[in-house]
Amino acid sequence: MYPWLRRPYTMPATVITGGAGYVGSHTVMALIEQGISNNEIVVIDNLSNAYCEQGDDKPTSLKRIEEMTGRTIRFFNIDLNDEPELCRVFSAFDVQCVIHFAALKAVGESVTKPLEYYEANVAGTISLLGVMRRFGVTKLVYSSSCTVYGEPRKLPIDEGHPTGDGLTSPYGKTKFFCEEIMKDVCISDKSWKIISLRYFNPVGAHSSGRIGEDPSGIPNNLMPYIAQVAVGRLSEVLVFGNDYNTPDGTGVRDYIHVEDLADGHVKAIRLFDQPGFSGFHAVNLGTGTGYSVLQMIAAFESASGRPIPHRIVARRAGDIAENYADVSLSHRLLGWRAVRTLEDMCRDTWRWQKQNPEGFKTTHKTKKN
Ligand code: UD1
């Protein structure tokens with residue numbers, strides 16, 4: 001079908017879709033730091049949510065990883081729905097496995113742009129799976145979310161909790177639909193090995209302060225919002241409701257350091273090598289401990305040494321009171337547990353925010369001036 005389908009090269013490679021983004025870039029770093037990386041690291045990203053300086057051949061996040069590690073990352077600016085281009089990459093490397101992050105992730109935006117979300121997240125995943133099948137690549141780690149559980153029926157949430165019920169946003173549904181598609185793929189062909197990692201609330205940044213979360217526009221999520229208040233970009237944190245059935249009335253979440261999360265992906269890849277491992281497996285990645293909005297603000301004040309002005313306002317539509325993970329399966333299956341504390345999460349977020357007050361963009365320019 002494609003002339004380049006013949007496999008002229010035999011360089012073993014790990015493909016990381018969305019590898020220029022927040023969790024993706026930290027996972028690239030972890031793969032290199034932890035020496036899975038005799039393989040080529042091949043990042044596919046359409047730059048929809050990653051900064052790339054004009055004239056540069058790679059997004060800034062990846063360039064910084066290269067600077068820190070001395071390794072070369074192969075980068076391809078490709079949309080997952082562009083199948084011929086995907087095939088080109090798969091034909092140029094001997095792809096051993098794929099870690100699939102590439103997706104749109106703004107919950108509110110997904111309500112107003114459902115087709116864009118289904119196309120990027122669901123059609124993009126189908127395209128990727130099709131190309132993987134064509135090239136005989138059957139090992140996949142998928143970036144999923146605890147959002148697939150909907151409103152928790154019991155806490156902590158384990159992986160046996162029903163998924164797909166009462167999901168309110170197209171974003172959440174795309175994560176659920178992709179998991180269902182992957183389950184069917186694994187049923188149809190026993191050679192597939194798919195690990196779907198259901199993240200709780202990723203926060204923090206690499207301990208170097210050189211890579212971190214760089215949201216475009218005003219952040220939707222709590223931690224980057226707090227960090228931008230601390231650095232003076234935003235004036236105050238709006239606390240969405242203090243009348244929940246939680247110890248201090250504000251929402252409770254299971255925040256997990258992005259470096260712990262990245263380590264979870266490395267552990268998942270290692271599982272592929274275990275004899276007899278096959279099929280679809282969903283695994284929670286969280287700490288198992290919940291913190292409230294007010295606890296997060298207090299922890300960040302102490303990490304940054306700065307006051308964080310905040311004000312209680314009405315609840316945000318669609319929010320739940322409390323959410324935290326049962327993390328026993330991740331211990332059993334992956335041999336992984338989160339080791340970084342809330343203090344680590346706040347300290348590392350603050351280091352990143354302080355060193356890069358405007359994210360990747362301005363700091364890069366400032367350095368040049
Ligand atoms: C949100 C998404 C979830 C997604 C996750 C990614 C919603 C409804 N859910 O989860 O699907 O997987 O991000 O990390 O958007 N809060 C404030 N003020 C703010 C921002 C947040 O008080 O300015 C509160 C929220 O009400 C919540 C907590 O902080 O209690 C955490 O919110 P957020 O960081 O947005 O994460 P989730 O809502 O848990």
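The values are calculated or read from the model by the stated rules, or taken from the named source; none is laboratory data. Values in this document were obtained by computation on a predicted structure and should not be read as measured data. Note: ideal-geometry Cβ built from the backbone for every residue, glycine included; neighbour counts use all protein chains shown. The protein model used for the area step is the full one, side chains on, heavy atoms only, and it has no ligands, DNA or RNA in it. Shrake-Rupley method; radii C 1.70, N 1.55, O 1.52, S 1.80 Å.
Some notes on this structure:
- Cα centre as origin, Lys/Arg/Asp/Glu Cβ charges: the chain dipole, Debye: 540 debye
- For residue 93, the solvent-accessible surface with a 1.4 Å probe is about 10 Å², rounded to the nearest 10.
- Spacing of the two label points (7 Å from each Cα toward its C-beta) at residue 184 and residue 317, in nm: 3.1 nm
- Rg over Rh for the chain works out to 0.95, both radii taken from alpha-carbon positions and Rh defined as the Kirkwood radius.
- Whole-angstrom gap from the stretch 298-349 to the stretch 94-114, using each part's C-alpha centre: 22 Å
- Rounded tilt (10° steps) of 83-92 against the dominant C-alpha axis of the chain: 70 degrees
- FRET E, pair residue 71, residue 96, Förster distance 22 Å, beta-carbon r, rounded to 0.05: 0.85
- Range in the chain, longest, excluding exposed trypsin sites (Lys or Arg not before Pro) [loop by DSSP; at most 11 other beta-carbon atoms within 10 Å]: 191-369
- Note, ³J(HN,Hα) from phi for the stretch 250-261, Karplus 6.51, -1.76, 1.60, rounded to Hz, x at Gly and Pro: 9, x, 10, 9, 9, 7, 10, 5, 4, 6, 5, 4
- Across 139/267; 190/267; 105/173; 193/267, pairs whose alpha-carbon gap is larger than 18 Å: 190/267
- Nearest-ten-degree value, helix 342-355 long axis tilted from longest Cα axis of the chain: 80 degrees
- Antiparallel DSSP beta bridges within the chain, percent to nearest 5: 5 percent
- Extension gain, residue 113 to residue 47, is 21.9 nm, computed as 0.36 nm per intervening residue step minus the present C-alpha separation.
- For the chain, the mean residue ellipticity at 222 nm estimated from helices alone is -10500 deg cm²/dmol, where every DSSP H run of n ≥ 4 contributes -39500 (n - 2.57) and the total is divided by all residues, rounded to the nearest 500.
- Computed over the chain: relative contact order in percent, which uses C-alpha pairs under 8 Å that are six or more apart: 18 percent
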